1. Filter region B:1-14 for residues that are out of contact with any strand residue (DSSP E or B) (no Cβ under 9 Å at 6 or more places or on another chain) and touching a residue at least 40 places away in the same chain (Cβ under 8 Å); which is farthest from the other protein chains (Cβ to nearest Cβ)?
2. Do any strands (runs of 3 or more DSSP E) lying entirely in region A:15-94 carry at least 1 residues that are more than 13 Å from chain G (Cβ to nearest Cβ) and surrounded by 15 or more Cβ atoms within 10 Å (Cβ to Cβ), and which ones are they?
3. Within region A:46-68, can you find the residues that are of a type outside the set (V, I, T) and in contact (Cβ under 8 Å) with a residue 24 or more places away in the chain?
Amino acid sequence: MSNDQILVKRVVLDVLKPLQPNALDFTRQLTTSAGGCQVKVQVVEVDSQTESLMVEVTGENVPVDRIIEVIRGTGATVHSIDEVEAENPVSDRE
Amino acid sequence: MSNDQILVKRVVLDVLKPLQPNALDFTRQLTTSAGGCQVKVQVVEVDSQTESLMVEVTGENVPVDRIIEVIRGTGATVHSIDEVEAENPVSDRE
Amino acid sequence: MSNDQILVKRVVLDVLKPLQPNALDFTRQLTTSAGGCQVKVQVVEVDSQTESLMVEVTGENVPVDRIIEVIRGTGATVHSIDEVEAENPVSDRE
Amino acid sequence: MSNDQILVKRVVLDVLKPLQPNALDFTRQLTTSAGGCQVKVQVVEVDSQTESLMVEVTGENVPVDRIIEVIRGTGATVHSIDEVEAENPVSDRE
Amino acid sequence: MSNDQILVKRVVLDVLKPLQPNALDFTRQLTTSAGGCQVKVQVVEVDSQTESLMVEVTGENVPVDRIIEVIRGTGATVHSIDEVEAENPVSDRE
Amino acid sequence: MSNDQILVKRVVLDVLKPLQPNALDFTRQLTTSAGGCQVKVQVVEVDSQTESLMVEVTGENVPVDRIIEVIRGTGATVHSIDEVEAENPVSDRE
Amino acid sequence: MSNDQILVKRVVLDVLKPLQPNALDFTRQLTTSAGGCQVKVQVVEVDSQTESLMVEVTGENVPVDRIIEVIRGTGATVHSIDEVEAENPVSDRE
């Protein structure tokens, strides 16, 4: 069984972004790239030049790679992947 | 897919407002500008001239830009956008 | 759309009252003025002459102005409005 | 509208009682006086001569005055009324 | 209305018992005396000769007096009655 | 009524075990001895030679004596019985 | 009854892994090996060379041995087994 059948259901990313785009526009751009998903962005800390964000994306099949690409495209950095939840829908017993 | 299809479901704003209008009238004005939404305002701190508010608006399609405009129209300042939740209803798999 | 259509669903008031009327009679008077509402009064602090109360009124259409008037009529003071929740039932999308 | 239509749904009393009757018999006496209600008594502190109780009575129409009378009849003192919840079933809009 | 109609729904007792019988056998004996009830025993503290227990009995009609008798019959002591919940099923309005 | 009709629904044991068998094999052996039950083992502390476990067994009729026997058979020690919940299904009112 | 009938429902592992593969790829590999299961990986601590993970696998029949094998195959170490939940579906009363 290949990785292709694995469904990522939830990912939590620790992201550092410049002040522009603001959290609202940043969330809109992220959500545009994530068909069928819910996106939740919490601003954890604000500095003079940057904001630390907790980005949580949930859905039936979260496109994590595309999301990370979009985050980088806005000028932000994925500081770390904090949580990943995945499901293997094919029962394939020992 | 454009940003237009993205639905904002919840936004939390950190707002600094003068003592007038009071929290009740401020909430009424905000709610008037947010058709089909629930608005929750918590007074976090009261100073001699200003109040710090946590403003949370939830709904099927929260009009964030219009809400921010109304907040500014009352003489208050949006100190920061603290949380944004959005949904992409179109499933558009990788 | 005018403010008249806005429905206040919940309000939390910080109230300072003299020891008389006691919390039970005070609650009864408040509730009499709030048709169709639930009233919850918590005594937060008791001093020799006064009591600090957390007054929470919830309902489909909380008559906040009338409630504040009744509170003042008992000889008590509304120290601050701590929370307001309101709803705009008319969907009026951007 | 008179106070008579107001329904008290819950009351929390801070009570100081002598060691006799014990908490079980005290609860039974209180409950006897409160038709259709649930009574919960928590012993918060025990001293050599007295016990501090948190007495909570909930029901559709809690007879608070009769309950306070019964508490005094056992030799106990109502130290304070800590919480009152009431409802106004008649919708009487502004 | 007499006390006989009052139903005790829950009682929490603070009990000090010798190490024998152990908590399992002690719980079995207690439960045998409490028809139709659930018994929960938590060992709060263990000393060289004794154990402190939190004993909670819940049911439709908890036979508190018989339970206290059985506790004493095992050589244990009821240190205090910590909570009592009772219900008056007969609505007998003021 | 004899003790035989009493149903133990849940037991929590504080267990000290050698590092072998590991927590997985230990749980499997325990579960084998407990027909119709759920077994939950939490490793609370790991030392160089031993592990402290919180062992919780729930079921319709937990065979506590057999479980304790199996624990001892693995070389582990039941340090204490921390909680017991039991039920008396036969209503046998006072 | 042999161990073969025992169903492991949940396991929590404390894992130390090199930075590569990252948490997302690590989770995908783990999930591929666990047919019919949900896998949740939380990054607890990040050091210059390694990450500490809390790995939780839940399912109807978690293949713990195969999962531990896959973890080791990625270059990571199972530091400890922190929780195991298992069920014995065959009722086999004392």
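We did not get these values from a lab; they are worked out from the coordinates using the rules stated. Small disclaimer: the values here were computed from a predicted structure and weren't measured. Glycine gets a Cβ as well: all are built from the backbone with ideal geometry, and neighbour counts include every protein chain shown.
1. Going through region B:1-14, the residues out of contact with any strand residue (DSSP E or B) (no Cβ under 9 Å at 6 or more places or on another chain) turn out to be B:1-5.
Subsequent filtering for residues that are touching a residue at least 40 places away in the same chain (Cβ under 8 Å) retains B:1, B:5.
Numbers: B:M1: 6, B:Q5: 8 Å.
Ranking the candidates gives B:Q5 first.
2. Working: elements: A:37-46, A:50-59, A:77-87.
In region A:15-94, the matching strands (runs of 3 or more DSSP E) lie at A:37-46, A:50-59.
3. Initially, region A:46-68 is screened for residues of a type outside the set (V, I, T), giving A:47-49, A:51-54, A:56, A:59-61, A:63, A:65-66.
Hits for region A:46-68 are A:Q49, A:E51, A:S52, A:L53, A:M54, A:E56, A:G59, A:E60, A:N61, A:P63, A:R66.
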